[in-house]
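**Q** Questions regarding the structure given below will be posed in turn.
The values are calculated or read from the model by the stated rules, or taken from the named source; none is laboratory data. Given the structure is predicted, the values throughout are model-derived calculations rather than measurements. As a convention, Cβ positions derive from the backbone with ideal geometry for all residues, glycine included, and neighbour counts pool all protein chains shown. Calculation scope for accessible area: heavy atoms of the full protein, side chains included, ligands and nucleic acids excluded. Shrake-Rupley method; radii C 1.70, N 1.55, O 1.52, S 1.80 Å.
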Amino acid sequence: MMGLGSEFITILKDTVKLTDSVKRLNGAVVELIRDVKHIDNRVVRLETLVEVAKVNQGRIESE
């Protein structure tokens, strides 16, 4: 049977490990958010290019 002191130390160690894991996961989430924003910006630019091409194609066909 573990003493109260050793149980406390075990809980404290687990808490430190959990805190470290949460910090690493948070860093990964921040990187993912940055990547998603970058991809979103690129998609918006591509959509704009497609729309401009469609408009220009319609003008050329109507001439």
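**Q** If you build a Gaussian network model of the chain, linking Cα atoms that sit under 10 Å apart, which residue out of 43, 29, 52 swings the most?
**A** Residue with maximal mean-square fluctuation among 43, 29, 52: 52.
**Q** Next question. Accessible area per residue of the chain at 1.4 Å probe, in Å²?
**A** With the other protein chains kept in place, the chain gives 96 Å² per residue.
**Q** Moving on. Which of 4, 15, 56 sits closest to the plus end of the dipole of the chain, meaning its Cα is farthest towards the positive end, when Lys and Arg get +1 and Asp and Glu get -1 on the C-beta?
**A** 4
**Q** I'd like the carbon and sulfur percentage of the solvent accessible area for the chain, probe radius 1.4 Å, heavy atoms only, ligands and nucleic acids excluded.
**A** 65
**Q** Moving to a separate point now. Pulled fully out, how much extra length does the chain show between residue 48 and residue 10, if you take 0.36 nm times their separation in residues and subtract their Cα-Cα distance? Write down the numbers at each step before the final one.
**A** Details: separation 38, 0.36 × 38 = 13.68 nm, distance 5.69 nm.
Taking 0.36 nm per residue and subtracting the Cα distance, the gain is 8.0 nm.
**Q** Please turn the phi angles of segment 45-61 into ³J(HN,Hα) values with the Karplus equation 6.51 cos²θ - 1.76 cosθ + 1.60 (θ = phi - 60°), one per residue in order, whole Hz, x for glycine and proline.
**A** 5, 5, 4, 5, 4, 5, 5, 5, 4, 5, 4, 5, 5, x, 5, 5, 5
**Q** What do you get when you divide the Cα radius of gyration of the chain by 2.2 N^0.38 Å, with N the number of residues?
**A** Compactness ratio reported: 2.55.
**Q** Would you mind working out the magnitude of the charge dipole of the chain relative to its Cα centre, with +1 at each Lys and Arg C-beta and -1 at each Asp and Glu C-beta, to the nearest 20 Debye?
**A** 220
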